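The values are calculated or read from the model by the stated rules, or taken from the named source; none is laboratory data. Since this is a predicted model, take the numbers as computed values, not measurements. For neighbour counting, all protein chains shown are included, and Cβ atoms are generated from backbone atoms with ideal geometry for every residue, glycine included. Areas reflect the complete protein model, heavy atoms only, side chains present, ligands, DNA and RNA absent. Shrake-Rupley method; radii C 1.70, N 1.55, O 1.52, S 1.80 Å.
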Amino acid sequence: MTQTNLLEKRKKSIEQRMNRLQSQGAALNVQLRKQRTHRLIELGGLVSKAQLEEWNANTLLGALLFLKERESDLQLLDEWAYKGGSAFNEGKTKNVIS
């Protein structure tokens, strides 16, 4: 095999690897976008579960920012986690009974 043929073969191999990596990168981007979309839908469901759909965007964001400022209060976070867990469990019980 000549030097030129070897170089062309290596070039083709590298191009195939690059194409494979681009394809994998595109698949990863799709997967990440789907995960983000799922999370956003989940967050919207939480707004609905808390019956806050009637709040306008400014009020809702203001309330969330207010809560964010208090995230360093671990006792408060524990209380919120308990209330949230109770609300979810209450919803599961209602779905089973209905």
Self-check item: Gain on full stretching of the segment that runs from Leu6 to Leu77 - 0.36 nm per residue minus C-alpha separation
Solution: 19.2 nm
Quiz item: Out of (i) -0.85, -1.43; (ii) -0.73, -1.30; (iii) -1.04, -1.27, which label holds the value of log10 I(q)/I(0) by the Debye sum over Cα atoms at q = 0.18, 0.25 Å⁻¹ that was computed here?
Solution: (iii)
Practice problem: Quick one: grab the alpha carbon gyration tensor of the range 1-54, order the square roots of its eigenvalues as a ≥ b ≥ c, and give me rounded if a/c is under 1.5, else prolate or oblate depending on whether a/b is larger than b/c. | Solution: prolate
Quiz item: In whole Hz, what ³J(HN,Hα) sequence does the range 70-80 give by Karplus (6.51, -1.76, 1.60; θ = phi - 60°), x for Gly and Pro?
Solution: 9, 5, 6, 7, 5, 5, 5, 4, 4, 4, 5
Quiz item: Out of Tyr82, Ile41, Leu60, whose Cα points farthest toward the positive end of the dipole of the range 22-98 (charges: +1 Lys, Arg; -1 Asp, Glu; placed on Cβ)?
Solution: Ile41
Self-check item: Per residue, in Å², the accessible surface of the chain once ligands and nucleic acids are set aside, probe 1.4 Å
Solution: 93 Å²
Quiz item: Computed FRET efficiency, Cβ-Cβ of Gln51 and Gln31, R0 41 Å: what is it to the nearest 0.05?
Solution: 0.80
Quiz item: So what J values fall out for the range 55-60 if you push phi through Karplus, 6.51 cos²θ - 1.76 cosθ + 1.60 with θ = phi - 60°, rounded to Hz, Gly and Pro as x?
Solution: 6, 6, 4, 5, 5, 4
Quiz item: Ignoring any ligand, DNA or RNA, what whole percent of the accessible area of the chain comes from carbon and sulfur when the probe is 1.4 angstrom?
Solution: 57 percent
Self-check item: Pairwise Lys count, the chain - Cα closer than 19 Å, eight or more residues apart or different chains
Solution: 6
